[in-house]
Structure formats: C-alpha cells, structure tokens
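Colleague: Please see the structure below; I have some questions.
The values are calculated or read from the model by the stated rules, or taken from the named source; none is laboratory data. Being a predicted model, the structure only gives us computed values, none of them experimental. All Cβ positions, even for glycine, are placed from backbone atoms using ideal geometry, and neighbour counts span all protein chains on display. Each accessible area value is taken on the protein alone, full model and side chains, heavy atoms only, with ligands, DNA and RNA left out. Shrake-Rupley method; radii C 1.70, N 1.55, O 1.52, S 1.80 Å.
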Amino acid sequence: MRSTPHHLPPPQLFYSFFKTLIDHEVIVICKNDVRIRGKLISVDQYLSVKLQDIQVLNAERFPQMQSTTTCFIRGSVIRYIELPAAAVDTALLQDAARKACLAQA
Amino acid sequence: MATTMAPSNAPASTSLTAVLNKPIELVRLLLDERVHAKMAGGREIYGKLHAFDQHMNLVLEDVEEIVTSLEYDAATKQVAERTETHRYEMLFVRGDVLVVICADNR
C-alpha cells in the first residue's frame, strides 16, 4: 500500500493558485462553448468555481443563461479559464510547479 | 524504483534518460518556454508555459489557440477545413482534454 491513497491528490498547486485569484474577474470557457465572465467567488479541490455578477459572452447562442447572476460551474466541464494577467505572479507559479514536480518524482 | 534504464557507462551529465526518470520531467524542462499543445477536438495551443500539474492542467501566457473543424458545404457537396484563431493573454487549460505537449518548433 502507498502511504498516500491514490484517490487523495497531494496539496494542489492549481487549487492554491485559484484561491489567490478570488475576487478577480475571469472568463470561464466551458466544454460546450459557453463563455461566462464573472467575479470568482470560490473554488474547490476539483477546480469547480463559483462566479458572481456573470455575463454570458455568447448569449446569442445560449439565451437561457441571460437572467442568471450567480453560478456554480463543475470543474470537469471547464475547458479554459481566461485569467487577469496582472494578477498572476508567473515567477512564483513556475517555482511552485517545479517544486511540485520534483516532490512527486 | 530508483534504477534507470540508462546504460551505466553513459556520463550522467549528458544522458537524458538519467535526468528524465519520468515522462512528466520532460514537461518540467518546458517551463518558461514556448510550447505547442494539442487537445482533443482539433484544438491546438501555442503559448509560454508557466505551470502544470500531474493532471496536465496548464497555465500559459500569450496564447494563440487554433481550432480546426470540418464543415460540409451542401452546395458544392464538399467537406472543407475551417480554422479559427483566438488569442488570450493568460489562460488556464484543464488537463483532461490535453493530448500532446512539446516545445514550440514552428
């Protein structure tokens, strides 16, 4: 048996990363092509997100979402998340990614 | 297993297999470099790699996404390839759709 069970991931790099982006505006691009812009309220270990004050950017294709203001998006349906570049510390990210890789190797 | 498949007479400093025990180590070498990623669904991404994890979630900067799709033209009865390009300043890419990642060799 491994000391850490396989289904329990190690402390997640991207989970911590997204927590630093809380209260910033992001654009979530889902696998079904819905593009939702909103303020990041919270994130969990599956990288599911809760967004507030949302706006569907391609509302002509997805009019059913127009009256929604707050939503939860399951992590597995997310394809991309467009981030505010000014809020991302790239040097810190690279360092953390390198350390995480070496720790698991 | 600490043993590697590298031949024992290979100098450690020049033998790639001695440094790269696991496939993910190659991705580590791509940090801070421009990379080319192919995704499921005919999507290709070029960008500078800032972060990755064991799921192949990525954070890329200065991203160009090229989406290739096939379209049937009923008038000519031909199938034509159509490409769309999108640009993003900073992008998180979820790892479950990633197929291949390598250095940008354009």
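Colleague: Could you list, in sequence order, the residues of the range B:23-44 that are within 26 Å of A:Leu102 (Cα to Cα), touching a strand residue (DSSP E or B) at 6+ places or on another chain (Cβ under 7 Å) and more than 9 Å from every other protein chain (Cβ to nearest Cβ)?
Modeller: Listed by number, the residues that qualify are B:Leu30, B:Glu33, B:Arg34, B:Val35, B:His36, B:Ala37, B:Lys38.
Colleague: Okay, next question. Out of (1) away from chain A (no Cβ under 12 Å); (2) at pLDDT 95 or above; (3) open to solvent by less than 90 Å² (accessible area, probe 1.4 Å), the odd one out for B:Val99 is which?
Modeller: (3)
Colleague: Are any residues in the range A:46-71 under 14 Å from A:Ile22 (Cα atoms) and open to solvent by 20 Å² or more (accessible area, probe 1.4 Å), and if so, which ones?
Modeller: Residues satisfying the conditions are A:Lys50, A:Gln52, A:Asp53.
Colleague: Identify all residues within the range B:83-96 that are exposed (fewer than 12 other Cβ atoms within 10 Å of the Cβ) and either away from every other protein chain (no Cβ under 14 Å) or in a loop (DSSP other than H, G, I, E, B) (or both); write none if there are none.
Modeller: B:Thr83, B:Thr85
Colleague: Answer yes if at least one residue in the range B:47-69 is of a type outside the set (Ser, Thr, Tyr), in a strand (DSSP E or B) and open to solvent by 90 Å² or more (accessible area, probe 1.4 Å), and no otherwise.
Modeller: no
Colleague: Of everything in the range A:46-83 that's touching a residue at least 24 places away in the same chain (Cβ under 8 Å) and among the polar types (S, T, N, Q), which residue is nearest to the other protein chains (Cβ to nearest Cβ)?
Modeller: Initial filter on the range A:46-83 (touching a residue at least 24 places away in the same chain (Cβ under 8 Å)): A:46-49, A:51, A:57-58, A:61-62, A:65, A:70-83.
Filter once more, keeping what is among the polar types (S, T, N, Q): A:48, A:58, A:70, A:76.
Working: A:Ser48: 11, A:Asn58: 12, A:Thr70: 21, A:Ser76: 7 Å.
The extreme case among them is A:Ser76.
Colleague: Here is a follow-up. Determine which member of the set A:Ala86, A:Ala103 is within 11 Å of chain B (Cβ to nearest Cβ), surrounded by fewer than 16 Cβ atoms within 10 Å (Cβ to Cβ), closer than 22 Å to A:Asp23 by Cα and hydrophobic (A, V, I, L, M, F, W, C).
Modeller: A:Ala86
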